[in-house]
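Trainee: My questions will all concern the structure given below.
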Amino acid sequence: MTRTELTQEEKLAYEFAVHWREPDYCPDLSSVDWLRLANLLCNNRMGVLGSQVFERAKPTVPQDAQKIFDGQIEKYKRAALLFEGPLKTYLVSAAKRDLDTLVLKGLWLCEKIYKNPVIRPGSDIDILVHHDQVDACLALLKEQGIGEYWPNLLNDEYFARHHLHQQRSSQDLSIWFEIHWALDHPYTQLTVDYAGIFKRARPGQLLGAPVQEMALPDLLISLAIHLVKHAVYLPSLLERDDLKRIILADGMLMYFLDVTEVIKQSKPKIDWDLTVQLAGSWGAVDILSAVLQVCSRYLEAPVPESVLSTLPVTAPPVIIRNLMSRAVEQKLARYENLSGNRFWQLLIAPNGAFILRPIRLLETGLYFFPPADYLNRRYGQANLLMRIRHLFLALWQMLRFSWDSIYFGLERYFRLKRMGKNASLFNTLGTDL
């Protein structure tokens, strides 16, 4: 039976997210299960944020719980220290070569939104560049000693055809760059105007280096797209009574806080009309609406009611809702330390080799028979001939995707075997900081 009532520790996680900036906020921690709270906050990337609350409340934190908090704090300090230098070097060099760069999430949010370099630096450095400048960016990174050192990597050609970024790392795998030309893989119903994003961007500074900064509407939608790329179930299960627990079980609360904090910090400057317009033209209405509704309901994000009413979430097919429900049940089972179904656990597992997690194949199936809105956005018309043309195009793309996955997957498998390494599709091979 689904449990909807939150525990004290779960309630505190949401309280911290809402009130952590308030100097007078002093939560009641008298009867808290400290070990559960520590694991809950850190699994949601909120260990540093929680420690800031504790500095004001001054509770006596048991040693075992404090060790968990300290572990995340040290990890994030190490990540920030590792990433700042290479990112600054890249930005300075990119500016000299006229390579426009937008920094996504991570250190950008730390400096611009949270004003704290270690609050959520991420596990890698995500940058967005013009599609035709990807090779130049890769060459620049290679000059910095950031190259193809991760043995798990598939051939660049595979990623160029079927995904949204290339990956590069330092030789010791401690520093990672993801060079994005898109916000999601090509088999979605998104039609993001990347040229428009760069056109609306304005010059700024990050870590003392020149960078392009997204306009606020682009920033909000890009954060929402990234969030739902991981929490693929969100638009389908938005009205579930236990959604707050699902978010915590999935470790996604900090991602929603990112969007909330951008809104809170930038409220007077946000052009909501343009935000709604772009969401519609990009096919991101369901994504943005679902994220904004969670931020408004649970994190007190000041989203105008008129915006929420203008962005309805279209109910997905029943089969998709049911499948997504089955998937989140596995997350909840793991969260409660219960045994789950092995098949469904495999479906939601991260894929170390191919990036596209198995669960996303459910939504990819809708790409074959998209609504008229998508066809109009992509092709300018939605007649029967265009539907047939798109279906054949999608079939061809999936055939090529399948062939490339087998071809490059086998190449990777035998390469790893020759190196004496784990050739599993779900390995990580030492990528964690």
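Trainee: I'd like the residue in region 306-320 that is part of a helix (DSSP H, G or I) and open to solvent by less than 30 Å² (accessible area, probe 1.4 Å) and, out of all such residues, is farthest from L220 (Cα to Cα). Spell out how you get there, then give the answer.
Mentor: Within region 306-320, the subset part of a helix (DSSP H, G or I) is 306-310, 318-320.
Applying the additional criterion that residues be open to solvent by less than 30 Å² (accessible area, probe 1.4 Å) yields 307-308, 320.
On the way: V307: 13, L308: 14, I320: 26 Å.
Here the residue is I320.
Trainee: Now for a separate question. Looking at (1) aromatic (F, W, Y); (2) at pLDDT 90 or above; (3) surrounded by 15 or more Cβ atoms within 10 Å (Cβ to Cβ), which is the only condition W344 fails?
Mentor: Every condition holds for W344 apart from (2).
Trainee: Give me the residue from region 197-228 that is without any contact (Cβ under 8 Å) to a residue 60 or more places away in the chain and either polar (S, T, N, Q) or over 21 Å from A301 (Cα atoms) (or both) and, out of that set, surrounded by the most Cβ atoms within 10 Å (Cβ to Cβ).
Mentor: R200
Trainee: Check D28, D64 and return the single one that is without any contact (Cβ under 8 Å) to a residue 60 or more places away in the chain and in a loop (DSSP other than H, G, I, E, B).
Mentor: Details: D64 fails: in a loop (DSSP other than H, G, I, E, B).
Matching residue, one of D28, D64: D28.
Trainee: With the requirement that a residue be open to solvent by less than 60 Å² (accessible area, probe 1.4 Å) and part of a helix (DSSP H, G or I), what does region 267-277 give you? Walk me through it before giving the result.
Mentor: Of the residues in region 267-277, the ones open to solvent by less than 60 Å² (accessible area, probe 1.4 Å) are 270, 272, 274-276.
Once the filter is applied, which keeps residues that are open to solvent by less than 60 Å² (accessible area, probe 1.4 Å) and part of a helix (DSSP H, G or I), region 267-277 yields W272, L274, T275, V276.
Trainee: For region 278-305, give me each residue that is open to solvent by 40 Å² or more (accessible area, probe 1.4 Å), in a helix (DSSP H, G or I) and touching a residue at least 60 places away in the same chain (Cβ under 8 Å).
Mentor: Matches in region 278-305: S281, Y298.
Trainee: From the set of residues in region 29-51 that are touching a Leu at 6+ places or on another chain (Cβ under 9 Å) and more than 26 Å from P117 (Cα to Cα), which is modelled with the lowest pLDDT?
Mentor: The extreme case among them is L29.
Here's the yes/no breakdown for (1) closer than 30 Å to A279 by Cβ; (2) modelled with pLDDT of 95 or more; (3) of a type in the set (K, R):
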site: L375; (1), (2), (3): yes, yes, no
site: R378; (1), (2), (3): yes, yes, yes
site: R387; (1), (2), (3): yes, yes, yes
site: L391; (1), (2), (3): yes, yes, no
site: W396; (1), (2), (3): yes, yes, no
site: F401; (1), (2), (3): yes, no, no
site: I406; (1), (2), (3): no, no, no
site: R412; (1), (2), (3): no, no, yes
site: L416; (1), (2), (3): no, no, no
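Trainee: Evaluate region 36-48: report whether one residue or more is in contact (Cβ under 8 Å) with a residue 60 or more places away in the chain and either open to solvent by 80 Å² or more (accessible area, probe 1.4 Å) or touching a strand residue (DSSP E or B) at 6+ places or on another chain (Cβ under 8 Å) (or both).
Mentor: Our first condition is that a residue be in contact (Cβ under 8 Å) with a residue 60 or more places away in the chain; within region 36-48, this holds for 40, 43-46, 48.
From what is left, the residues that are either open to solvent by 80 Å² or more (accessible area, probe 1.4 Å) or touching a strand residue (DSSP E or B) at 6+ places or on another chain (Cβ under 8 Å) (or both) are 43.
For region 36-48, residues in contact (Cβ under 8 Å) with a residue 60 or more places away in the chain and either open to solvent by 80 Å² or more (accessible area, probe 1.4 Å) or touching a strand residue (DSSP E or B) at 6+ places or on another chain (Cβ under 8 Å) (or both): present.
Trainee: In region 249-257, is there at least one residue being in contact with a Cys (Cβ under 7 Å, 6 or more places away or on another chain) and closer than 30 Å to V18 by Cα? Spell out the reasoning first.
Mentor: First pass over region 249-257, keeping only residues in contact with a Cys (Cβ under 7 Å, 6 or more places away or on another chain): 256.
Next cut, closer than 30 Å to V18 by Cα only: 256.
Yes, some residue in region 249-257 is in contact with a Cys (Cβ under 7 Å, 6 or more places away or on another chain) and closer than 30 Å to V18 by Cα.
Trainee: Quick one: how many residues across region 182-196 are touching a strand residue (DSSP E or B) at 6+ places or on another chain (Cβ under 9 Å) and surrounded by fewer than 19 Cβ atoms within 10 Å (Cβ to Cβ)? Give the derivation first.
Mentor: Applying the first criterion (touching a strand residue (DSSP E or B) at 6+ places or on another chain (Cβ under 9 Å)) to region 182-196 yields 182-183, 194.
Add one more test, that the residue is surrounded by fewer than 19 Cβ atoms within 10 Å (Cβ to Cβ), and what stays is 182, 194.
Counting residues in region 182-196 that are touching a strand residue (DSSP E or B) at 6+ places or on another chain (Cβ under 9 Å) and surrounded by fewer than 19 Cβ atoms within 10 Å (Cβ to Cβ) gives 2.
Trainee: Being surrounded by fewer than 17 Cβ atoms within 10 Å (Cβ to Cβ), among the hydrophobic types (A, V, I, L, M, F, W, C), in contact (Cβ under 8 Å) with a residue 12 or more places away in the chain and part of a helix (DSSP H, G or I): is that true of A95 here?
Mentor: Working: surrounded by fewer than 17 Cβ atoms within 10 Å (Cβ to Cβ): yes; among the hydrophobic types (A, V, I, L, M, F, W, C): yes; in contact (Cβ under 8 Å) with a residue 12 or more places away in the chain: yes; part of a helix (DSSP H, G or I): yes.
When the stated conditions are applied, A95 passes them.
Trainee: Also, quick follow-up: For region 100-163, which fully contained helices (runs of 4 or more DSSP H) count at least 1 residues that are within 26 Å of R412 (Cβ to Cβ), open to solvent by 10 Å² or more (accessible area, probe 1.4 Å) and of a type outside the set (K, R)? I'd like the intermediate steps shown before the answer.
Mentor: Working: elements: 106-109, 134-143, 156-162.
Ranges flagged: 134-143, 156-162.
Trainee: Could you tell me how many of the residues in region 241-276 are among the charged types (D, E, K, R) and touching a residue at least 60 places away in the same chain (Cβ under 8 Å)? Walk me through it before giving the result.
Mentor: Just the residues of region 241-276 that are among the charged types (D, E, K, R), to begin with: 241-242, 244-245, 250, 258, 261, 264, 267, 269, 271, 273.
Adding the requirement that they be touching a residue at least 60 places away in the same chain (Cβ under 8 Å) leaves 241-242, 244-245, 250, 258, 261.
The qualifying residues number 7.
Trainee: Name the residue that is nearest to D184 (Cα to Cα), counting only residues in region 396-420 that are touching a residue at least 24 places away in the same chain (Cβ under 8 Å) and either open to solvent by 80 Å² or more (accessible area, probe 1.4 Å) or not in a helix (DSSP H, G or I) (or both).
Mentor: Kept after step one, since they are touching a residue at least 24 places away in the same chain (Cβ under 8 Å), are these residues of region 396-420: 397-398, 400-401, 404-405, 408-409, 411-412, 415-416, 419.
Still in the running and either open to solvent by 80 Å² or more (accessible area, probe 1.4 Å) or not in a helix (DSSP H, G or I) (or both): 400, 419.
Numbers: R400: 18, M419: 32 Å.
Per the stated criteria, the residue is R400.
Trainee: May I ask you to list the residues in region 377-394 that are more than 20 Å from V192 (Cβ to Cβ) and either in a helix (DSSP H, G or I) or open to solvent by less than 40 Å² (accessible area, probe 1.4 Å) (or both)?
Mentor: L384, L385, M386, R387, I388, R389, L391, F392
Trainee: Assess whether K88 counts as being assigned to a helix (DSSP H, G or I), open to solvent by 60 Å² or more (accessible area, probe 1.4 Å) and in contact with a strand residue (DSSP E or B) (Cβ under 7 Å, 6 or more places away or on another chain). Before you say what the answer is, go through the steps one by one.
Mentor: Values: assigned to a helix (DSSP H, G or I): yes; open to solvent by 60 Å² or more (accessible area, probe 1.4 Å): yes; in contact with a strand residue (DSSP E or B) (Cβ under 7 Å, 6 or more places away or on another chain): yes.
Judged against the criteria, K88 is a match.
Trainee: Further question on the same structure: Go through (1) within 26 Å of Y90 (Cα to Cα); (2) in contact with a Pro (Cβ under 9 Å, 6 or more places away or on another chain) for S236 and report which single condition fails.
Mentor: Among (1) within 26 Å of Y90 (Cα to Cα); (2) in contact with a Pro (Cβ under 9 Å, 6 or more places away or on another chain), S236 violates only (1).
Trainee: For the subset of region 72-85 comprising residues that are touching a residue at least 24 places away in the same chain (Cβ under 8 Å) and open to solvent by 40 Å² or more (accessible area, probe 1.4 Å), which member is nearest to A136 (Cα to Cα)? Walk me through it before giving the result.
Mentor: Residues of region 72-85 that are touching a residue at least 24 places away in the same chain (Cβ under 8 Å), as a first pass: 72-73, 75-80, 82-84.
Among the residues that remain, those that are also open to solvent by 40 Å² or more (accessible area, probe 1.4 Å) are: 75, 77-78, 82, 84.
Numbers: K75: 31, K77: 30, R78: 29, L82: 23, E84: 21 Å.
Out of the qualifying residues, it is E84.
The values are calculated or read from the model by the stated rules, or taken from the named source; none is laboratory data. Since this is a predicted model, take the numbers as computed values, not measurements. Counting neighbours? That spans all protein chains shown, and the Cβs are built from the backbone with ideal geometry, glycine included. Accessible surface areas use protein heavy atoms only, side chains included; no ligands, DNA or RNA. Shrake-Rupley method; radii C 1.70, N 1.55, O 1.52, S 1.80 Å.
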